[in-house]
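A short worksheet on the structure shown next.
The values are calculated or read from the model by the stated rules, or taken from the named source; none is laboratory data. Keep in mind that this is a model prediction, so the values were computed, not measured. All Cβ positions, even for glycine, are placed from backbone atoms using ideal geometry, and neighbour counts span all protein chains on display. These accessible areas exclude ligands, DNA and RNA; they are computed on the full protein's heavy atoms, side chains included. Shrake-Rupley method; radii C 1.70, N 1.55, O 1.52, S 1.80 Å.
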Amino acid sequence: MYIEIDGISKTYGRRVKALDDINMAIDKHEFISLLGPSGSGKTTLLRIIAGLETPSAGRVLIDGKDVTGQPPHQRGVAMVFQEFLLFPHRTVVENLSFPLRMLHLERGEIARRVGWALEILSLTGLENRYPRELSGGQQQRVALGRGLVASPKLLLLDEPLANLDRELRQEMEIEIRRYQKELGIPFIYVTHNQEEALSMSDRIAVMSMGDVEDFAERTIVYNHPKTPFIARFVGRSNAFHGRVRSVSSTAMVVDCNGIAVQASNVGARPGDEVDLYIKNEKISLLRGTAAGENAPACTVRDVILRGNFTEYLLAAANGQMLVAGLPAGAETFLPGENVTAVWDEAAVDAFVRRLQ
Ligand SMILES: Nc1ncnc2c1ncn2[C@@H]1O[C@H](COP(=O)(O)OP(=O)(O)OP(=O)(O)O)[C@@H](O)[C@H]1O
Ligand SMILES: [Mg+2]
């Protein structure tokens, strides 16, 4: 593998364990996201890969070479931050040339590489502007360009879009992924925003409290969460908790405070406590009431238009609130209507609570 993160741990001071034995192998063509809540260790891992932080244990290998003891500038790694960190009193071209002047490249080579960056980042025509004369997205592209001009072997990005508004962010997501595919070097992208991670990544490492809970293809992370944390953190879902009423060889029925949920049997026994998660968009609605599992009677409480889908806030008979996300164009329901929320057994992500 092109990048290997081999048993990396980091303890700050004596007590703060920011990373606990992280192992990841990344291929040359991959776009990777580190996705996790605040404090989960994302920036720490990125800084260790860049050489800005020393690990307490473990090694980092880039292109087959152990770089753990190397200073940042020898690693061939570039990093882009949330704060664009452009030089305010320098023009676009001067900002882009800066890292190359640090490398003492000759003038012609600098001009060639800056021209290339202007071209692929669609900054042509803005060469002589100062950062304050650029839009947020243009500034962010200059910051990206500064990472890319030195032809790094790897680009690290730490929440680079966090300061941009939603629309611009979505545009930049598409562009950043395109740059990565064109350049053919891996990008490791840190975010706590699941939409960003899902839209751009080939694989996602979901981090929680210094651990990687899963490192898998984005569709796996989304559709087959490996842990309850991932089921809660990725996507929007409905949570149920209850005890197993009965099991068969393939399925189990769980009594969740009066709502009967049928799920694949994940090795549970009757009486086991389980947590169940169902993504909003995997719930559909029928008019009137029905009987049986995966079919609680509900009343529509509110309807929220989200553009390409509609969210229905539902109150079940036991008082639990559910949310169903129906695609635009689906049948519509009104507040106050009695409906049945239904879903497939396969839509339920089930986890047995094991006593410690
Ligand atoms: N220099 C430091 N000294 C002591 N503790 C630190 C230091 N840097 C980070 N930490 C701690 O290490 C843990 C991981 O921090 P890190 O910055 O890697 O999280 P993060 O996932 O990037 O969070 P965020 O999404 O808020 O940026 C946190 O508990 C943090 O308080
Ligand atoms: Mg961070």
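Couple of notes before you dig in:
- Protection proxy ranking, highest mean first, for peptides 306-315, 25-34: 25-34, 306-315, where packing is the per-residue count of other beta-carbon atoms within 10 Å, averaged.
- Paramagnetic reach from Met1 (point 7 Å along Cα→Cβ, amide N under 18 Å) across region 144-162: 153-157
- Residue-level accessible surface for Thr124, protein heavy atoms, 1.4 Å, Å²: 90
- Taking amide H positions as modeled 1.01 Å from N, with prolines and chain starts lacking one, the residues under 5 Å from Thr68 and 5 or more places away or on another chain are Val60.
- Taking a sphere under 14 Å around the Cβ of Phe229 and counting the other residues whose Cβ falls inside, with K and R at +1 and D and E at -1, yields a net charge of -2.
- Cβ-based charge dipole, region 42-110, positive-most Cα from Thr44, His104, His73: Thr44
- The overall shape of region 279-356, judged from the alpha-carbon gyration tensor, is prolate: a/c is not under 1.5, and a/b is greater than b/c.
- In the structure shown, the pairs Lys65/Lys226; Lys10/Lys153; Lys65/Lys181 are assessed against 30 Å; a Cα-Cα span above that value is assigned to Lys65/Lys226.
- Taking amide hydrogens as placed 1.01 Å from N in the peptide plane, the amide H of Lys10 sits under 5 Å from those of Ala18, Leu19, Asp20, Asp21, Ser56, each at least 5 positions away in sequence or on another chain.
- Helix axis angle, 166-183 relative to the chain longest principal axis, alpha carbon, degrees: 60
- Counting only alpha carbon atoms, the long axis of helix 92-102 and the longest principal axis of the chain meet at about 70°.
- Dipole moment magnitude, nearest 20 debye, region 128-195 about Cα centre, only Lys, Arg, Asp, Glu C-beta charged: 280
- Sum of side-chain charges, Ala50 neighbourhood, beta-carbon under 11 Å (Lys, Arg +1; Asp, Glu -1): 0
- Cβ charges +1 (Lys, Arg) and -1 (Asp, Glu), total dipole of the chain, debye: 760
- Protein accessible area in the chain, 1.4 Å probe - carbon and sulfur %: 49
- Within region 3-231, percent of DSSP bridges classed antiparallel, to nearest 5: 55
- Residues in region 290-324 reached by a label modelled at Asp344 [backbone nitrogen below 12 Å; 7 Å Cα→Cβ]: none
- Helix axis angle, 107-120 relative to the chain longest principal axis, alpha carbon, degrees: 20
- Cβ-defined net charge surrounding Arg177, 11 Å radius [Lys, Arg +1; Asp, Glu -1]: -3
- Take each peptide in 339-351, 49-61, 318-330, count the other Cβ atoms within 10 Å of every residue, and average; sorted highest first, the result is 339-351, 49-61, 318-330.
- Kirkwood Rh and Cα Rg combined as Rg/Rh, the chain: 1.06
- Surface per residue (accessible, 1.4 Å probe) for region 236-352, Å²: 47
- Calculated [222 nm] ellipticity per residue, helices only, for the chain: -7000 deg cm²/dmol; basis is -39500 (n - 2.57) per DSSP H run with n ≥ 4, divided by all residues, nearest 500.
- 3J(HN,Hα) from dihedral phi, region 41-56, Karplus parametrisation 6.51/-1.76/1.60, rounded to Hz, x for glycine, proline: x, 4, 5, 4, 5, 5, 5, 5, 5, 6, x, 7, 9, 9, x, 7
- Rolling a 1.4 angstrom probe over the protein heavy atoms with all chains in place gives region 3-231 an accessible area of 46 Å² per residue.
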